[in-house]
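The values are calculated or read from the model by the stated rules, or taken from the named source; none is laboratory data. What you see is a predicted model; the values in this text were computed from it and never measured. Counting neighbours? That spans all protein chains shown, and the Cβs are built from the backbone with ideal geometry, glycine included.
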Amino acid sequence: MAATTKPVTALVVNGVERKVEVDPTTPLLWVLREQLELTGTKFGCGIAQCGACTVRVDGRAIRSCITPVSSLEGKQIQTVEGLAPAPETRHALQRAWIEHQVPQCGYCQSGQLMSAAALLDANPDPSDEDIDRAMDGNICRCGMYGRIKAAIKSAARANAADGPPAAGAGAEESSHG
C-alpha cells in the first residue's frame, strides 16, 4: 500500500506563518497544542460549550476544538501566547487579571482572556450586559465571574487612558501552560 501524505496547511499564528502537515479536518486546538507547541489554549469539553479552547481568528473569538484547520488558511489566528504586545510586557487584560486576582485554578483563563480581548477590540467601553453577552459560554468552574467582569472593566479603563495596543500586536510567541 502506498504511503499517503497529509496536505500542508499554512497558518498565520500570532503573526508568524507556520506550515503544518495535517489532515484538513483536524481541529485547530490539536494543531496548536501538539504541532505548534502552543499549550496555552486548553482542551475542556471538545464540543464548543466551555470556552477553554477560545482563540481569536481575524479578531473574533472562536472555539478551536471544533474549528478545522482547513477553514483557517489566510486568516490571522491569535492565541493567549500572542496576546501581550511584547514578551516583556502584558496586555491590559493580563494586568487587570492579576490586579483583580481572577485566576484560581487557571484552566479557563486563556479562553476567558481571548473572549475578553475580542470584546474590547469590538467594544472598548462595554456595559455589564455587553460583558455578560460576550463572555457567555466561557465557563469558570471556580466561579470568578464577578472578578472577570471587574477585570474587563479595568482593562477597558486602562485602554481608554493609554490607548489600545497597535493592531497586530502580540506577534511574539512563547510557551505557556
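Tabulated values for the structure
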quantity: Verdict on Tyr145 being without any contact (Cβ under 8 Å) to a residue 40 or more places away in the chain, within 19 Å of Gly51 (Cα to Cα) and of a type in the set (Ser, Thr, Tyr); calculated: yes
quantity: Which listed residue is on the phi < 0 side of the Ramachandran plot, at pLDDT 95 or above and exposed (fewer than 14 other Cβ atoms within 10 Å of the Cβ), from Ala122, Ala118, Ala160, Ala156; calculated: Ala122
quantity: Qualifying residue in region 61-76 (condition: at pLDDT below 95 and surrounded by 15 or more Cβ atoms within 10 Å (Cβ to Cβ)); calculated: no
quantity: Test: residue in region 95-115 that is touching an Asp or Glu at 6+ places or on another chain (Cβ under 7 Å) and of a type in the set (Lys, Arg); calculated: no
quantity: Whichever residue in region 67-84 is under 29 Å from Ala96 (Cα atoms) and of a type in the set (A, V, I, L, M, F, W, C) and, among such residues, is nearest to the chain's Cα centre (by Cα); calculated: Val80
quantity: Check on Cys105, assigned by TED's automatic domain parsing to the domain that holds Ser154, on the phi < 0 side of the Ramachandran plot, without any contact (Cβ under 8 Å) to a residue 60 or more places away in the chain and not polar (S, T, N, Q); calculated: yes
quantity: Qualifying positions in region 79-102 - acidic (Asp, Glu), touching a residue at least 24 places away in the same chain (Cβ under 8 Å) and surrounded by fewer than 24 Cβ atoms within 10 Å (Cβ to Cβ); calculated: Glu99
quantity: Test: residue in region 101-111 that is among the hydroxyl-bearing types (Ser, Thr, Tyr), touching a helix residue (DSSP H, G or I) at 6+ places or on another chain (Cβ under 6 Å), closer than 20 Å to Pro27 by Cβ and part of a loop (DSSP other than H, G, I, E, B); calculated: no
quantity: Some residue of region 50-57 being surrounded by fewer than 18 Cβ atoms within 10 Å (Cβ to Cβ) and more than 11 Å from the chain's Cα centre (by Cα); calculated: no
